[in-house]
Every structure is written in C-alpha cells, then in structure tokens.
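The values are calculated or read from the model by the stated rules, or taken from the named source; none is laboratory data. Quantities reported herein were computed from a predicted structural model and do not represent experimental measurements. Positions of Cβ are backbone-derived with ideal geometry, glycine not excepted, and every protein chain shown enters the neighbour counts.
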Amino acid sequence: MGKPTGFLEFTRELPSKRPVQERRNDYNEFVHSYSGPELNKQSARCMNCGVPFCHSGCPLGNVIPEFNDAVYRQQWKEAYDILSSTNNFPEFTGRICPAPCESACVLGINQPPVAIEEIEKHIIEIAFDKGFVKANHPPLRTGKKVAIVGSGPAGLAAADQLNSAGHTVVVFERDDEAGGLLRYGIPDFKLEKWVVARRVKLLEEAGITFKLNSEVGRNVQISDLLREYHAIVLAGGSTIPRDLPIPGRELKGVHFAMEFLKQQNKRVSHLPVEGEELFATNKNVVVIGGGDTGSDCVGTSNRHKAMSVTQFELMPKPPHTRTGTMPWPTYPMLLKTTSSHEEGADRHWAIATKEFIGDGKGHLKALKTVNLEWKTSEDGRAQFTEVPGSECTLPCELALLAMGFVHPQHAGLLTELDIELDARGNVKASEKNYQTNIAKIFAAGDMRRGQSLVVWAISEGRECARKVDEYLVGVSLLERKDASLIAL
C-alpha cells in the first residue's frame with residue numbers, strides 16, 4: 001500500500017455536512033467533499049492486510065485496496081479503471097449504499113473502518129471532472145437484440161453490460177423517466193437526479209435505446225417482445241408494498257411511503273404530480289417502518305415542515321455495537337442514525353399500530369398503538385407479545401407505510417407470460433443462470449431475489465447479463481463477480 005503505517009497515523013473522518021437547519025430548507029445533496037489532503041489521509045488508512053475481506057463484503061466484489069492505493073498515489077485514471085471494472089455506477093453506490101464492505105474491513109476489528117464509500121464517490125466524481133468517463137461503445141455488434149424490462153439499477157447494469165458485449169439493447173420503462181428506484185424512490189437530498197440523468201445519457205450515447213412510458217403487458221405487447229428479441233431480461237423490481245390491514249386503513253391520510261416519495265421527487269424535477277397531492281406540512285406525521293424508506297419519509301416530512309415526525313419500528317431497538325450473534329466480518333444489525341434522523345424525529349422501537357382512528361369525516365386524526373415485548377422461543381425464533389396496559393393514542397394526520405415490499409407486480413406481464421414464481425412470490429430464476437421457466441427470459445434484481453440493496457441490484461444485473469451473453473453466443477467475456485477473489 002502507499003502508506004503502510006497510515007492506519008496508525010490517521011483516524012476515520014467523514015466529510016462535513018451542511019447544517020441541519022439549512023439543509024432542511026431544500027432538496028439538494030448536503031454532504032461536502034474531502035479536500036485533497038483529507039482524501040489522501042483517508043485512502044492511506046487502507047492496510048496491506050493479508051486477506052482483504054472488503055472484497056467479499058461488497059456484493060460487487062470491488063477491488064478496494066487497489067483503488068485506495070491508487071487514490072493515495074493520486075493516480076486518478078488508474079483508480080477509476082479499477083473501480084469501474086466491477087461497478088457500473090459508483091456515483092450511485094457512493095451516495096446511497098450502506099457499505100457492507102466497510103463492515104467487513106479488517107481495520108474495523110478494533111478501529112473505525114476505512115471510509116470506502118466516500119472514497120468511491122470521490123473517485124467517480126473526479127473521473128467525471130477529468131473526462132475519464134466516456135460512453136462505452138462496443139467494437140462490433142453481434143446482431144442479437146435484448147429487451148430489458150425496467151430501468152432501475154439492475155436493468156441499467158444489465159443493459160450496460162450487454163451493450164458492451166455488442167448486443168443491441170432496448171430498455172422498456174413504464175415511468176416517464178429512466179432510473180426506477182433511483183429516479184422516483186430515493187429523495188434528491190440523497191441522490192440528486194442530474195446524477196441519474198448524466199449516467200442515462202452516457203448509456204444512450206453508447207447505443208442503448210430507452211422507451212419511456214412503455215409498460216410491457218399494458219401499452220407494449222408481450223407478443224411483440226417475444227417475436228422481436230432474442231432474449232428478455234425482467235428487472236422490474238419488487239414493487240408491491242407490504243400493507244397494514246387494521247381498522248381504519250381506508251381513512252384519508254394513510255398512504256404507502258412510495259406514493260409520498262415519488263410525488264416529491266416529481267415536484268423537485270418540476271414534473272406533474274398525478275392523483276391526490278400528499279404533503280406533510282403542519283401535520284403530525286407517523287412513519288411506520290424503521291428502514292431506509294422510512295428514513296427517507298422522515299427527511300422529506302421535515303422538509304415539508306411537518307408539525308411533528310414520529311417513526312415506529314416493530315422490532316426491538318438494535319444494539320450500538322456488535323454482539324456475539326453478529327461477529328466480524330458479517331454485516332451487523334446495529335442502531336442506524338441516518339442524516340434524516342439527525343434532522344429531527346421521535347423514534348420508537350418494539351411498537352405496533354393497532355388502529356387508524358378517524359375524525360368522523362373520513363380523515364385520519366390519530367393512531368392507536370401498543371408496546372411489544374420480544375423473546376426468543378425454544379426453536380430460536382423471535383416472538384413478541386403485547387405489553388398489557390401499554391396501549392396509547394397518538395395524534396396523526398398523515399401515516400406513511402414504509403414496511404418494505406413483498407414481491408413484484410404479478411398482474412400483467414408475469415401473469416400473461418405464465419412466469420413461474422417462488423414461494424415468496426418473486427420470479428423463480430436460479431443464481432446459476434438467472435433463467436426463468438421460459439428459456440429466452442431471464443430475471444435479475446429485486447424481481448428475482450426480493451427487496452434488497454441498490455448494490456445487490458447492480459450485481460444481479462451484471463451477473464444476469466453474463467448469463468444472457470452466454471445464452472446468445474455460447475461464451476461470455478464479461479467480467480465475473482468473483483474474478484477479483486479468484487485472483488487472490
């Protein structure tokens with residue numbers, strides 16, 4: 001490594017952020033960049049460890065020590081080449097990934113881990129500034145056509161890889177802009193949409209065609225895709241949200257989180273909003289669900305100037321540090337305080353919502369809740385019981401359901417194709433070949449594996465593309481996810 005003693009000399013420091021009171025007034029990204037010397041110090045912390053567990057911690061198999069070394073030496077083209085060899089979209093993962101690589105960092109055993117995610121973001125933005133990032137034009141075309149259904153991270157990654165292999169790629173997106181979850185699910189204050197548009201433009205320049213407002217099974221005929229394309233990749237995501245069927249669910253003011261988030265993303269982009277407009281302004285907001293989507297609702301509600309923001313989580317409060325059940329280098333389930341939580345939220349764990357209470361005119365006015373006690377049963381499974389006498393009523397005019405997603409949309413495309421589903425309702429396609437029960441149709445991302453991380457979606461798209469390439473031409477020269485590990 002560039003500085004073998006760097007981990008002894010420097011500690012982990014993250015870039016500063018704009019003050020809470022300032023950033024709550026807009027939807028811009030608020031994390032500053034490292035200065036040159038700061039970036040140099042953070043990259044110097046990467047050790048010359050015998051086995052870099054960060055490789056296996058990253059779903060993409062990013063070659064992390066090598067790009068850290070290049071950053072330390074200020075060899076920006078080398079750093080970009082290493083990073084982009086495994087990751088199609090570092091500008092996305094560098095902003096929104098929970099960084100499982102950092103949980104597996106060897107330095108993290110007894111010190112704060114290397115700031116891998118921030119270094120990754122700096123590499124790609126420096127690469128854009130220096131003109132290293134260019135459209136990836138294939139040297140020749142194979143004559144094979146591939147349709148990608150869905151333009152989220154899995155679909156975009158599959159499209160990029162298949163295009164680079166020389167196939168003609170067309171991406172079908174039912175929304176009016178490409179990007180899927182990146183475009184309409186993640187708030188601008190975490191991922192400004194010019195970042196997504198910049199990458200989509202590069203993909204178009206490389207020869208990929210995007211057909212927007214095109215929902216296969218509705219205004220695009222499935223028979224046309226089966227007839228015109230040599231292979232089809234299903235990458236529509238896990239889009240059916242988990243509901244909360246309790247008394248009062250029908251009241252006005254109870255909405256799924258993605259309805260709320262998508263509307264705000266459209267407003268920021270000056271695009272028309274369909275249906276009833278949802279605002280948290282001057283309302284008591286309760287976000288039901290403690291994950292990242294719930295956190296995004298918290299940040300958006302604060303920017304709407306909500307009267308109060310409360311977040312519920314059914315599970316007990318996680319620990320601050322690793323326990324015996326989450327040893328290094330596994331990804332630990334620790335208490336996570338996001339930037340949105342820093343901006344203000346009253347958080348509650350081990351609590352269940354029992355009823356939505358109306359005002360007599362069809363509008364939500366309060367929630368009835370109960371505290372939970374969690375215990376481990378004899379077979380090792382966690383179970384809860386309600387705590388007697390803990391029921392209470394909380395004022396609420398806007399309840400946002402952020403409890404995750406159960407499976408992809410079945411109606412339309414999947415039903416008409418008679419695609420086989422697994423026990424959880426996801427598209428059944430093995431990790432061995434990503435192929436469905438119909439030979440020319442493949443599946444990747446959340447549609448196949450269920451709700452997961454953006455970094456996993458990119459990994460799935462890349463691996464699926466390699467299997468599609470093998471199916472079309474017999475062999476694939478596309479990179480394998482485990483190539484960096486094989487080389488060790």
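With respect to being surrounded by fewer than 23 Cβ atoms within 10 Å (Cβ to Cβ), of a type in the set (Asp, Glu) and farther than 28 Å from residue 64 by Cα, residue 479 falls outside the description. May I ask you to list the residues in region 61-101 that are of a type in the set (Ser, Thr, Tyr) and under 21 Å from residue 292 (Cβ atoms)? Selection gives 93 alone.
Within region 234-252, the presence of a residue that is within 26 Å of residue 346 (Cβ to Cβ), touching a helix residue (DSSP H, G or I) at 6+ places or on another chain (Cβ under 6 Å) and in contact (Cβ under 8 Å) with a residue 24 or more places away in the chain is excluded. Condition check: among the charged types (D, E, K, R), surrounded by fewer than 18 Cβ atoms within 10 Å (Cβ to Cβ) and touching a residue at least 40 places away in the same chain (Cβ under 8 Å). Does residue 355 satisfy that? Judged against the criteria, residue 355 is a match. Restricting region 23-56 to residues that are more than 28 Å from the chain's Cα centre (by Cα) and part of a loop (DSSP other than H, G, I, E, B) leaves a set whose member that is nearest to residue 339 (Cα to Cα) is 47.
Does at least one position in region 391-410 carry a residue that is under 30 Å from residue 443 (Cβ atoms), within 25 Å of the chain's Cα centre (by Cα), surrounded by fewer than 16 Cβ atoms within 10 Å (Cβ to Cβ) and among the hydrophobic types (A, V, I, L, M, F, W, C)? No, because not a single residue in region 391-410 is under 30 Å from residue 443 (Cβ atoms), within 25 Å of the chain's Cα centre (by Cα), surrounded by fewer than 16 Cβ atoms within 10 Å (Cβ to Cβ) and among the hydrophobic types (A, V, I, L, M, F, W, C). The one condition from (1) part of a loop (DSSP other than H, G, I, E, B); (2) farther than 20 Å from residue 326 by Cβ that residue 127 does not meet is (1). For residue 20, indicate whether it is β-branched (Val, Ile, Thr), within 23 Å of residue 338 (Cβ to Cβ) and in the same structural domain as residue 123 (by TED's automatic domain parsing). Yes; evaluated as a whole, the condition is true for this residue. What is the residue count in region 36-55 for residues that are loosely packed, with under 12 Cβ neighbours inside 10 Å and farther than 20 Å from residue 108 by Cβ? Residues flagged as loosely packed, with under 12 Cβ neighbours inside 10 Å and farther than 20 Å from residue 108 by Cβ within region 36-55 amount to 2.
Here is a yes/no grid of residues against (1) over 24 Å from residue 261 (Cα atoms); (2) hydrophobic (A, V, I, L, M, F, W, C):
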residue: 179; (1), (2): no, no
residue: 182; (1), (2): no, yes
residue: 198; (1), (2): no, no
residue: 202; (1), (2): yes, yes
residue: 229; (1), (2): yes, no
residue: 235; (1), (2): no, yes
residue: 241; (1), (2): no, no
residue: 249; (1), (2): no, no
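Check whether at least one residue in region 373-390 is assigned to a strand (DSSP E or B), in the same structural domain as residue 221 (by TED's automatic domain parsing) and surrounded by fewer than 18 Cβ atoms within 10 Å (Cβ to Cβ), and report yes or no. No, there is no match, as no residue in region 373-390 is assigned to a strand (DSSP E or B), in the same structural domain as residue 221 (by TED's automatic domain parsing) and surrounded by fewer than 18 Cβ atoms within 10 Å (Cβ to Cβ). The set of residues in region 227-261 that are assigned to a helix (DSSP H, G or I) and buried (at least 19 other Cβ atoms within 10 Å of the Cβ) comprises 257, 258, 260, 261. The lone criterion from (1) part of a helix (DSSP H, G or I); (2) in contact with a Ser or Thr (Cβ under 7 Å, 6 or more places away or on another chain); (3) surrounded by fewer than 22 Cβ atoms within 10 Å (Cβ to Cβ); (4) not charged (D, E, K, R) left unmet by residue 68 is number (3).
Quick one: in region 15-35, which of the residues that are more than 21 Å from residue 344 (Cα to Cα) and touching a residue at least 24 places away in the same chain (Cβ under 8 Å) is surrounded by the most Cβ atoms within 10 Å (Cβ to Cβ)? Among those residues, the one meeting the criterion is 34. Here 320, 348, 341 are screened, and the one residue that is surrounded by 15 or more Cβ atoms within 10 Å (Cβ to Cβ) and not in a strand (DSSP E or B) is 341.
With respect to the stated conditions, residue 106 fails to be crowded, with 21+ Cβ neighbours inside 10 Å, closer than 18 Å to residue 12 by Cβ, hydrophobic (A, V, I, L, M, F, W, C) and in contact with a Lys or Arg (Cβ under 7 Å, 6 or more places away or on another chain).
Of the helices (runs of 4 or more DSSP H) lying entirely inside region 428-488, those carrying at least 2 residues that are modelled with pLDDT of 95 or more are 446-449, 454-473. Residues in region 266-301 that are of a type in the set (Asp, Glu) and assigned to a helix (DSSP H, G or I) were compared, and the one that is surrounded by the fewest Cβ atoms within 10 Å (Cβ to Cβ) is 292.
As a summary of the residue check, residue 161 satisfies the conditions (1) closer than 20 Å to residue 182 by Cα; (2) of a type outside the set (Asp, Glu); (3) in contact with a Ser or Thr (Cβ under 7 Å, 6 or more places away or on another chain) except for the one numbered (3). For region 345-354, the count of residues that are closer than 24 Å to residue 291 by Cα, modelled with pLDDT under 95 and aromatic (Phe, Trp, Tyr) is zero.
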